[in-house]
Amino acid sequence: MSERVRSVARRGVALAMAWTSPVLAQQAVAADTSAIVPAMVDLGRAVFHGKGMCFACHGQALEGTQVAPTLKAHVWRDAKNGDYAAIIDVITKGVPSTAMVSLPGGITRAEATSVAAYIWSVNNRKAKP
């Protein structure tokens, strides 16, 4: 088995473990932003502007509105330091006493991970909003 195949297999195991343990989720996902590929970012963008309805509160270009903060680089309040794992955590769990609900629009955990990849990539890889 090539090193590339082993690497992909390890990522798959880490992500599978992540859904069974919140602690492992943060460790596995945060440690592996290299697993974020353009197709994942594109799916996240589509969910953000579609099914998830995230744009309604966070703006078309992630600029924020009176309802919700910007998702571009800033001093993050809930997704500490804009970490990929922290963004996933906010999307999957929501933020108490705010309009941010868990899994907005009824998105799946996999879709939430892609939305987080999109937001993270806009800030760290200059992906288009």
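Computed packing ranks the peptides 108-118, 46-56 as 108-118, 46-56, most packed first, by mean other Cβ atoms within 10 Å.
For G59, the residues 5 or more places off, or on other chains, whose built amide H falls under 5 Å of its own are G64. Summarising the amide proton neighbourhood of A127: residues at separation of 5 or more, or on other chains, whose placed amide H is nearer than 5 Å comprise V122. Using the Karplus relation 6.51 cos²θ - 1.76 cosθ + 1.60 with θ = phi - 60°, the per-residue 3J(HN,Hα) values for the range 51-67 come to 3, x, 6, 4, 4, 4, 9, 9, x, 4, 10, 6, 7, x, 9, 5, 8 Hz, with x marking Gly and Pro. Straight-line reach from K80: which lysines have Cα under 23 Å away, leaving out those fewer than 8 places along the same chain? Those lysines meeting the cut-off are K72, K93, K126, K128. Computed from phi, the 3J(HN,Hα) profile of the range 108-120 under the Karplus parametrisation 6.51, -1.76, 1.60 (θ = phi - 60°) reads 7, 4, 5, 5, 4, 5, 5, 4, 4, 4, 4, 4, 4 Hz, with x in place of Gly and Pro.
Laboratory data are not the source of any read-out in this text; all were calculated from the coordinates shown. Nothing here was measured: the structure is a model prediction, and the numbers come from that model. Here Cβ is always computed from backbone atoms with ideal geometry, including for glycine, and neighbour counts include all displayed protein chains.
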